[in-house]
Amino acid sequence: MSITQQYLLDTYRARRLGEPALPAPGTHDWQVVREWRDERQFRAVLAGRPARHRFRDALHRWRRRPT
């Protein structure tokens, strides 16, 4: 059974039981990614490491390199 089929089945059951509808799959994906990133930064600070954005810093260095 696919995610979509499971979602439709759960939505049908919720409607029949008078419960609130469930959020669609993938609705909160970006929020989860942000919270995971914030948790990593928080743990880095607690461990005494700088809380950097490694990918963003590397991209910035690459864009600013002399030609």
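The values are calculated or read from the model by the stated rules, or taken from the named source; none is laboratory data. What you see is a predicted model; the values in this text were computed from it and never measured.
Of all residues in the stretch 14-62, those satisfying the criterion of being under 23 Å from Ile3 (Cα atoms), aliphatic (A, V, I, L, M) and over 15 Å from the mean Cα position of the chain (by Cα) are Ala14, Leu17, Ala21, Leu22.
For the stretch 26-61, residues that are of a type outside the set (Lys, Arg) and at pLDDT below 85 total 8.
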